[in-house]
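Enquirer: To start, I am sharing the structure in question, which I have written as structure tokens.
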Amino acid sequence: MYKYLLSNLREHIFIFLTVAVFSLLPFSKTLSSENVFVIDDIKVEGNFEINFSRDKYINKAFLKSYEVLMSKILLSSDFNKINDLELIEIKKLINSFQILEETYKKEKYKATFKIFYNDLKVKKLLGSKNISFSQPKNISALFYPVLIVDDEIKDFRENFFYNKWNKIKIKNELINFILPIEDLEDLQKIKKIKNKVEELNLESIVKTYNTNNYVFMLMQNQDKKLNIYLKTNFNNNQTSKNISYKFDNISDEIKLEEILKDLKMKITDIWKGENIINLAIPLTIQVKVNNKNLTNLDNLKNIFYKINIIDQYSVEEFNINYTYFKIYYYGNPKKLKTELAEFGYQLKNDQGNWEIYDG
């Protein structure tokens with residue numbers, strides 16, 4: 001009888017504490033410092049004059065941060081759909097901001113800002129314009145450029161794209177490109193099938209660089225054109241495409257730099273495209289969680305807040321053994337599964353019954 005009463009008491013205490021924990025906390029999304037909607041290190045500067053206004057520079061920081069945010073989460077083809085937003089509208093998207101550093105020296109004002117955007121408001125804005133956003137992580141990938149001029153494969157030291165690739169920057173670079181060491185055996189493989197490059201086994205080249213991700217470019221200069229065969233592999237998703245650029249002189253470095261920047265944007269768009277989230281209609285999923293302890297539940301709640309594709313969640317049912325959550329999210333179950341896995345949780349489906357496990 002005593003054991004029964006003790007067990008029953010524990011169950012009621014657990015349920016009471018669970019109710020207390022979840023009753024004190026809102027279930028709608030908030031912004032965390034690890035969020036893609038937090039724009040850090042925005043620098044502004046200007047002359048410190050008699051009619052100096054700090055608000056002027058705060059507004060400059062808002063405009064600059066908005067541009068950075070959009071270049072992070074949108075495909076380049078969608079920039080022009082949203083880049084004319086007025087300052088008053090941008091301010092409505094911002095939760096708060098911090099001035100991390102501020103100096104007044106030699107009649108010069110400099111400041112560094114950190115700006116916190118409201119992810120729900122940004123998503124609503126993009127959804128109203130029928131624009132999906134991307135949430136890619138930073139990754140590393142082998143970059144292997146092969147340049148053919150006059151039917152001759154150029155050494156890396158004579159290859160503009162090899163020498164300048166990591167020196168010429170674009171906004172918000174998401175890919176850490178690893179440049180290969182010139183290997184005569186690899187070049188011989190490429191020479192043999194340069195006209196049938198689709199048959200090239202790139203995995204045999206890539207595996208020596210401790211990454212499965214790669215960007216392979218075969219560039220041929222012919223008839224005042226640079227014809228490019230581009231093949232990428234990001235997280236085991238392979239794509240290939242043909243691109244062509246017109247130019248008069250293969251030695252024109254200004255034109256080559258323009259081409260390089262455009263190629264970087266296109267490659268980044270491929271990676272962003274694999275992380276596109278459709279904002280039209282959020283999906284819902286009911287998941288069961290084993291109640292090990294209150295700390296575990298509270299930790300899971302914090303993780304829900306950190307995952308940007310989760311719009312909101314609610315507790316549908318709980319007892320001494322399990323809690324059932326209803327999660328509203330954007331994307332697909334595979335994306336949700338990947339996001340949870342990064343925090344050490346596994347999302348599993350057993351004939352339509354979803355469950356979250358830790359570890």
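Enquirer: Assess whether LEU283 counts as being over 26 Å from LYS72 (Cβ atoms) and not assigned by TED's automatic domain parsing to the domain that holds SER71.
Expert: When the stated conditions are applied, LEU283 does not pass them.
Enquirer: Taking the criterion of being farther than 22 Å from ASN349 by Cα and modelled with pLDDT under 80, would at least one residue in the range 307-317 satisfy it?
Expert: Scanning the range 307-317, I find no residue that is farther than 22 Å from ASN349 by Cα and modelled with pLDDT under 80, so the answer is no.
Enquirer: Looking at the range 308-323, is at least one residue among the hydroxyl-bearing types (Ser, Thr, Tyr), crowded, with 17+ Cβ neighbours inside 10 Å and assigned to a helix (DSSP H, G or I)?
Expert: Here is the first cut: in the range 308-323, the residues among the hydroxyl-bearing types (Ser, Thr, Tyr) are 313-314, 322-323.
Still in the list and also crowded, with 17+ Cβ neighbours inside 10 Å: 313, 323.
From the residues that got through so far, the ones that are assigned to a helix (DSSP H, G or I) too are none.
Taking every residue of the range 308-323 in turn, none turns out to be among the hydroxyl-bearing types (Ser, Thr, Tyr), crowded, with 17+ Cβ neighbours inside 10 Å and assigned to a helix (DSSP H, G or I).
Enquirer: If the requirement is being in contact (Cβ under 8 Å) with a residue 40 or more places away in the chain, surrounded by fewer than 17 Cβ atoms within 10 Å (Cβ to Cβ) and not basic (Lys, Arg), which of these qualifies: LEU279, LEU283, LEU300?
Expert: Details: LEU279 fails: surrounded by fewer than 17 Cβ atoms within 10 Å (Cβ to Cβ); LEU300 fails: surrounded by fewer than 17 Cβ atoms within 10 Å (Cβ to Cβ).
Checking each option against the conditions leaves just LEU283.
Enquirer: Next question, about the same structure. Would you kindly identify the strands (runs of 3 or more DSSP E) lying entirely within the range 57-155 that contain at least 2 residues that are surrounded by 14 or more Cβ atoms within 10 Å (Cβ to Cβ) and in the same structural domain as ASN227 (by TED's automatic domain parsing)?
Expert: Counting at least 2 such residues, we get 139-149.
Enquirer: Can you list the strands (runs of 3 or more DSSP E) found entirely within the range 220-306 that contain at least 3 residues being touching a strand residue (DSSP E or B) at 6+ places or on another chain (Cβ under 7 Å), more than 24 Å from ASP151 (Cα to Cα) and of a type in the set (A, V, I, L, M)?
Expert: 283-290
Enquirer: Moving on to the next point. Would you point out which residue out of GLU342, GLU317 is under 17 Å from the mean Cα position of the chain (by Cα) and not assigned by TED's automatic domain parsing to the domain that holds ILE175?
Expert: Every option except GLU342 fails the conditions.
Enquirer: OK, next. Residues of the range 336-353 being in contact (Cβ under 8 Å) with a residue 60 or more places away in the chain and within 30 Å of TYR117 (Cβ to Cβ), which ones?
Expert: The one that is in contact (Cβ under 8 Å) with a residue 60 or more places away in the chain and within 30 Å of TYR117 (Cβ to Cβ): LEU347.
Enquirer: Here is a follow-up. Considering only residues that are over 30 Å from ASN349 (Cα atoms) and in contact with a Leu (Cβ under 9 Å, 6 or more places away or on another chain), which ones fall in the range 247-300?
Expert: Our first condition is that a residue be over 30 Å from ASN349 (Cα atoms); within the range 247-300, this holds for 247-269.
Matches in the range 247-300: PHE247, ILE250, LEU256, ILE259, LEU263, LYS266, ILE267, THR268, ASP269.
Enquirer: Another question about this same structure. Name the residue, out of THR295, THR284, THR268, that is under 15 Å from the mean Cα position of the chain (by Cα) and among the hydroxyl-bearing types (Ser, Thr, Tyr).
Expert: Matching residue, one of THR295, THR284, THR268: THR268.
Enquirer: Kindly check whether there is at least one residue in the range 161-177 that is crowded, with 17+ Cβ neighbours inside 10 Å, of a type in the set (Ser, Thr, Tyr) and in a helix (DSSP H, G or I).
Expert: Looking for residues that are crowded, with 17+ Cβ neighbours inside 10 Å, of a type in the set (Ser, Thr, Tyr) and in a helix (DSSP H, G or I), one finds at least one in the range 161-177, hence yes.
Enquirer: Additional query: Within the range 130-169, how many residues are at positive phi and among the polar types (S, T, N, Q)?
Expert: 1
Enquirer: Could you grab the pairs with beta carbons closer than 8 Å, sequence gap of 6+ or different chains, first residue in the range 312-324 and closer than 20 Å to LEU283 by Cβ, second one among the small types (Gly, Ala, Ser)?
Expert: Matching pairs, first to second residue: GLN312/SER28.
Listed here are the residues, each with its yes/no results for (1) farther than 22 Å from ASN275 by Cα; (2) small (Gly, Ala, Ser).
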position	(1), (2)
ASN290	yes, no
SER314	yes, yes
LYS335	no, no
THR338	no, no
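Enquirer: Additional query: Quick one: count up the residues across the range 328-354 that are surrounded by 15 or more Cβ atoms within 10 Å (Cβ to Cβ), part of a strand (DSSP E or B) and not hydrophobic (A, V, I, L, M, F, W, C). Talk me through it step by step, then tell me what you get.
Expert: First pass over the range 328-354, keeping only residues surrounded by 15 or more Cβ atoms within 10 Å (Cβ to Cβ): 328-331, 335-340, 345, 347, 354.
Those still in the list that are part of a strand (DSSP E or B) too: 328-329, 345, 347, 354.
With not hydrophobic (A, V, I, L, M, F, W, C) added as a condition, the list becomes 328-329, 345.
So the answer is 3.
Enquirer: List every residue pair whose Cβ atoms lie under 6 Å apart, where the two residues are 6 or more positions apart in sequence or sit on different chains, the first residue falls within the range 63-80 and is under 17 Å from ILE42 (Cα atoms) and among the small types (Gly, Ala, Ser), and the second residue, located anywhere, is at pLDDT 90 or above and outside any helix (DSSP H, G or I).
Expert: Pairs found: SER65/ILE39; SER65/ILE42; SER65/ILE115.
Enquirer: Please state which of the following conditions GLU185 fails to meet, knowing it meets all the rest: (1) at pLDDT below 85; (2) farther than 30 Å from ILE88 by Cβ; (3) charged (D, E, K, R); (4) within 26 Å of the chain's Cα centre (by Cα).
Expert: Looking at each condition in turn, GLU185 falls short on (4).
The values are calculated or read from the model by the stated rules, or taken from the named source; none is laboratory data. Computed from a predicted structure; not experimentally measured. Because the Cβ atoms are built from the backbone with ideal geometry, glycine has one as well, and the counts that use them run over all protein chains shown.
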